[in-house]
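Beneath this line is the structure, given in structure tokens, with notes to follow.
Nothing in this text is a laboratory measurement; each read-out follows from the coordinates by a stated rule. Remember, predicted model here, so these are calculated numbers, not experimental data. Using ideal geometry, Cβ is built from the backbone for each residue, glycine included, and neighbour counts are taken over all protein chains shown.
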Amino acid sequence: MKPSRLAIITHGHADHARPGHDHVIATPDTIEIIKRRYGENCAKTFEALEYGVEKKIKDVTISLHPAGHVLGSAQVLLQYQGYRAVMTGDYKARPDSTCASFEVVPCDLFVTEATFGLPVFQHPDSADEIKKLLKAREEQPERAFLIGAYALGKAQRVIKLIREEGYDRPIYIHGALKKLCEFYQERGINLGELRSPTGLKKDDFHGEIVVGPPSALKDQWSRRFPDPVVAYASGWMTIKQRARQSGVELPLVISDHADWNELTETIKATGASKIWVTHGREDALVHYCRSIGLEAEPLYLQGRDDEED
Amino acid sequence: MKAFAELLEQLILTSSRNKKVDYLAQYFAKTPDPDRGLALAAITRDLSLRHVKSSFVKQNVLERVDPQLFALSYDYVGDLGETVALIWPETESGELPSVKDFIAFLEDTPKAELPALFSDLMDLATPNERWAMIKMITGGLRVGVSARLAKTALAKYGNVELQEIEEIWHGLTIPYLKLFAWLDGKTDKPQIKHTETFHPLMLSNPVDEIKDFEKLSEADFAAEWKWDGIRVQLVFNEDTQRMFSRTGDDISHTFPDLTESLNGAAVLDGELLVGKDMEPLPFNNLQQRLNRKTIVKKHLKDYPAFVRVYDILFDGEEDLRTLPWQERRARLESWMESHDNKRLSLSELIPFKSWEELKKIREKGAEEQGHEGIMLKRKTSVYEPGRPKGPWYKWKRDARLVDAVLMYAQRGHGKRSSFYSDYTFGVWKGNEIVPIGKAYFGFTDQELKQLDKWVRANTIQRFGPVREVKKELVFEVAFDSAHVSPRHKSGIALRFPRINRIRWDKPAQEAETLDGMQFFVEGQSDS
């Protein structure tokens with residue numbers, strides 16, 4: 001993907017935010033996250049736009065609206081002569097106490113992601129998934145619980161959910177999560193006591209919860225923990241064979257993306273008559289939209305990987 | 001059902017054997033009777049349910065889900081049961097039935113009401129519970145637990161030796177109430193009559209002519225023919241008469257002519273054969289009687305079953321397994337003398353003085369009577385289940401070799417799914433080549449790569465996963481024996497064919513002819 005003269009960035013994940021643009025418009029939190037990840041000079045100029053504030057560029061009015069995906073994530077609303085188009089970026093419609101809740105923005109054209117755009121993806125209640133984790137921990141107190149979760153958003157959400165279930169022991173985090181966890185804490189999201197596992201002995205981790213990036217689960221890093229239960233927080237964990245193949249013993253179906261029901265409900269709620277589907281399993285969602293009388297097309301984007309979390 | 005579904009998920013997501021054992025033991029501890037016993041039987045696949053077909057499940061889901069969305073989902077997930085479990089659109093709150101009630105519902109509900117029952121159950125369940133139920137009713141419960149692993153878990157749960165479980169296992173009945181009562185310390189070990197249950201077999205190792213005979217003394221061993229049938233255990237008393245295969249499958253009902261003949265009480269070890277007047281016919285005559293649900297009257301007449309008996313494990317309830325072979329043999333001979341039976345005959349001993357002499361006997365036996373080889377049993381050996389090294393040896397006759405031409409190649413499975421690794425080969429019949437067998441081993445990984453490449457480069461036709469190739473490549477095929485087979489175009493079937501060598505050098509014209517093959521074919525007059 002080529003650097004651009006003007007980039008509107010929906011959120012700080014690497015496949016949505018790239019360095020090297022001239023001018024970046026994003027929410028204040030997203031700008032802060034990009035700077036911490038890519039450095040202060042990753043774009044020439046930054047322009048922070050709060051949720052709901054309109055900005056005019058020539059004849060087009062731009063505004064950002066909460067997407068409920070990760071801290072700072074936004075949908076982009078473009079208005080031109082009364083025609084409203086929304087680009088969702090990544091989103092989820094269910095509540096998440098680590099970021100502003102998703103807002104339905106009425107529009108004519110709705111450009112939606114479709115990461116989990118198949119009806120087999122019906123994400124369970126996240127709190128129940130955490131209860132599963134805590135129950136397993138009680139049943140196997142001699143093992144460490146190693147949770148794979150992406151550094152921006154998922155890790156903090158998982159930690160916050162664990163806290164909300166009343167777990168108050170220190171939680172150990174991989175070094176790669178430190179910066180962003182600190183940022184979340186600065187923004188008033190209380191994650192409780194977080195510690196680094198460095199320098200501790202194997203015996204210090206019996207029954208402890210450790211959070212690290214998915215890539216570290218099978219790495220040398222994980223060898224320091226006693227007989228760890230490998231857990232992985234992701235919407236993909238819905239598929240048992242997939243969990244099994246990736247060596248996950250405790251799949252936690254916790255996703256930052258809308259599941260099938262959220263996608264279909266949101267599409268209806270926006271009132272849009274035209275739907276463009278991108279980023280994931282376009283076929284099924286396009287088929288669904290057409291079956292309820294909406295005009296729908298798949299939209300293939302430049303520079304996209306097939307899959308992300 | 002909830003706890004059972006949870007257990008299945010744990011088992012499928014754990015690769016560690018020890019952890020599977022732990023999960024099973026935990027489940028036995030927290031689950032009441034008879035659910036735990038039924039679950040155990042479901043996992044070891046001893047539970048036979050009235051299964052519904054997966055098409056029934058699919059039909060039910062398609063009444064609720066757009067067919068195209070279902071097809072896209074199935075395509076992505078890859079497993080029908082899991083797709084249905086995840087895509088099921090309705091949920092209701094309520095209690096799932098216990099495993100016992102679930103099975104009872106399934107057995108007792110009239111066919112017409114099954115769809116309604118199925119959808120009620122699906123509505124009440126979580127995706128994981130739906131998956132467990134679908135797997136159970138379609139009979140596809142594969143969670144990586146062998147019967148042995150399940151028994152190990154039982155032993156751990158009850159803090160008893162695995163051997164103790166093995167001893168009584170085949171005498172137990174689902175849902176294993178007596179077993180669990182014993183493991184819970186509430187009662188004594190269930191008393192199983194030895195003459196009513198299968199006992200794990202003692203097996204032999206192949207002899208290495210070069211290394212082993214140097215160390216072995218002729219005087220320590222007894223020799224018998226290696227009979228070309230199937231190994232069986234006869235377990236019988238006044239009340240029950242049963243015959244088990246070497247893995248403990250009850251095959252009594254397939255051979256009523258034999259089991260009905262049994263009188264007295266004993267556990268005998270021997271070889272099941274077919275033939276009139278206890279003269280064995282070739283293996284493929286026996287094979288026609290195996291794995292049949294219904295018994296063909298003509299088979300009973302043409303291929304009567306009998307057993308060549310070579311060992312006795314129990315005389316009545318008396319355990320003879322700890323006696324040396326020599327003493328067991330004496331007991332067996334006297335037992336046979338006192339129990340006249342037209343379906344049992346003693347496996348004769350072959351007298352010999354030296355290995356050299358025995359080798360000649362073996363070769364002569366193979367040539368003249370088609371014997372598969374010789375068994376060597378140490379005279380002092382106790383009857384030890386498993387395959388202990390040292391007491392028993394099998395000494396097979398040399399393989400037969402034939403040069404055959406590669407005709408078709410098929411893709412393999414698993415690790416070999418990207419390779420053409422299953423080969424059909426044939427011999428000349430006039431100007432055409434007729435297939436005589438199929439083999440998929442005997443070559444190295446390196447050779448497999450070369451063969452795969454050759455197949456791809458020399459394909460003349462494709463039929464799904466099968467390629468027909470130019471009739472140019474010769475295999476030297478080794479096999480144990482050849483038999484008449486009306487099912488094959490060539491009229492010949494090979495036993496244990498394998499690729500001995502790839503004859504890259506040999507022109508196909510020089511391969512064997514069907515006439516030439518007749519030299520190897522046994523039992524021609526009996527077909």
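Here the range B:111-173 and the range B:301-349 have alpha carbon centers that stand 38 Å from each other. Simple spin-label estimate for A:Ala127 and A:Tyr167 gives 1.6 nm between the two label positions (7 Å along the Cα-to-Cβ direction from each Cα).
Placing unit charges on each Cβ (+1 for Lys and Arg, -1 for Asp and Glu) gives the range A:126-252 a dipole about its Cα centre, and among A:Leu177, A:Val210, A:Leu200 the Cα reaching farthest toward its positive end belongs to A:Leu177. Does the range A:126-252 come out rounded, prolate or oblate, given a ≥ b ≥ c as the square roots of the eigenvalues of its C-alpha gyration tensor, rounded meaning a/c under 1.5 and, failing that, prolate meaning a/b above b/c? Since a/c stays below 1.5, the shape of the range A:126-252 is classed as rounded.
Computed from the C-beta positions of B:Arg246 and A:Glu138, the FRET efficiency with R₀ = 56 Å rounds to 0.80. For the range A:129-198, trypsin sites (Lys or Arg not before Pro) are listed when DSSP marks them as loop and at most 16 other Cβ atoms sit within 10 Å of their Cβ; the list is A:Arg187.
Karplus-derived 3J(HN,Hα) values for the range B:247-257, using 6.51 cos²θ - 1.76 cosθ + 1.60 with θ = phi - 60°, are 8, x, 6, 7, 10, 3, 6, 6, 10, x, 4 Hz; glycine and proline are entered as x. Among the GluC sites (Glu not before Pro) within the range B:436-519, those in coil by DSSP and having at most 16 neighbouring Cβ atoms inside 10 Å are B:Glu472.
Determine, from the Cβ-Cβ distance of B:Lys453 and B:Glu367 and an R0 of 41 Å, the FRET efficiency 1/(1 + (r/R0)^6), rounded to the nearest 0.05. Taking R0 as 41 Å, the efficiency between B:Lys453 and B:Glu367 is 0.55.
Listed by Cβ neighbour count within 10 Å, with the fewest neighbours leading, A:Trp260, B:Trp392 appear as B:Trp392, A:Trp260.
Subtracting the Cα-Cα distance of B:Val160 and B:Leu49 from 0.36 nm times their residue separation leaves 36.9 nm of extension gain. With both residues required to sit in the range B:387-527, DSSP beta bridges show an antiparallel share near 90%.
Counting Cβ atoms of other protein chains within 10 Å of each residue's Cβ and taking the mean over peptide A:276-284 gives 2. Considering only Cα-Cα distances, which of the following residue pairs are longer than 31 Å: A:Lys131/A:Lys179; B:Lys151/B:Lys298; B:Lys53/B:Lys489; A:Lys132/B:Lys151; B:Lys100/B:Lys189? Going by Cα-Cα distance, B:Lys151/B:Lys298; B:Lys53/B:Lys489 fall outside the 31 Å limit. Of the chymotrypsin sites (Phe, Trp or Tyr not before Pro) found in the range B:192-252, not one falls in a DSSP loop while having at most 16 other beta-carbon atoms within 10 Å. B:Lys396's amide H: which non-local residues (gap 5+, or another chain) put their own amide H closer than 5 Å, with H modeled 1.01 Å from N in plane and none for Pro or chain starts? The list, which skips near neighbours in sequence, is B:Val207, B:Ile374. The 3J(HN,Hα) values that the Karplus relation (6.51, -1.76, 1.60; θ = phi - 60°) gives for the range A:51-64 are, in residue order, 4, x, 8, 8, 9, 9, 10, 6, 8, 9, 9, 10, 8, 10 Hz. Gly and Pro appear as x.
Here's how it looks for B:Lys193: its modeled amide H is under 5 Å from none belonging to a residue 5 or more places away or on a different chain. Per-residue Karplus couplings for the range A:184-194, computed as 6.51 cos²θ - 1.76 cosθ + 1.60 with θ equal to phi - 60°, are listed in order as 4, 4, 4, 7, x, 9, 7, 9, x, 7, 10 Hz, Gly and Pro entered as x. A Förster distance of 45 Å, applied to the separation of the beta-carbon atoms of A:Lys55 and B:Ser15, puts the FRET efficiency at 0.25. Antiparallel beta bridges, as assigned by DSSP with both residues in the protein assembly as shown, represent about 65 percent of the total such bridges. Note: relative contact order over the range B:228-312, using C-alpha pairs below 8 Å and six or more positions apart, is 33 percent.
Take every pair of alpha-carbon atoms less than 8 Å apart whose residues are at least six positions apart; their mean separation over the length of the range A:126-252 yields a relative contact order of 36 percent. Please enumerate, by chain and number, the lysines with C-alpha under 28 Å from the C-alpha of A:Lys55, excluding those fewer than 8 residues away in the same chain. The reachable lysines, counting only those whose Cα sits under 28 Å from A:Lys55, are A:Lys2, A:Lys35, A:Lys44, A:Lys92, A:Lys268, A:Lys274.
Ignoring lysines fewer than eight residues from B:Lys193 along the same chain, the ones with Cα atoms less than 16 angstrom from its Cα are B:Lys178. Label-to-label distance, B:Asn291 versus B:Val382, with points set 7 angstrom from Cα along the beta-carbon direction: 3.8 nm.
Determine which aspartates and glutamates satisfy two conditions relative to A:Lys160: a Cα distance under 15 Å, and not lying fewer than 8 residues away in the same chain. List returned: A:Asp96, A:Asp125, A:Asp128, A:Glu129, A:Asp168, A:Glu182, A:Glu186, A:Glu193, A:Asp256. For the range A:264-301 and the range A:175-217, compute the distance between their C-alpha centroids and round to whole Å. Here the answer is 39 Å between Cα centres. Amide H contacts of B:Glu318: none lie under 5 Å away among residues 5 or more positions distant or on a separate chain (H built 1.01 Å from N in the peptide plane; Pro and chain starts excluded). Pairs of Cα atoms nearer than 8 Å and 6+ residues apart set the relative contact order; for chain A it is 18 percent.
Tell me, how many Å apart are the Cα centres for the range A:78-134 and for the range B:24-51? The distance from the Cα centre of the range A:78-134 to that of the range B:24-51 comes to 42 Å.
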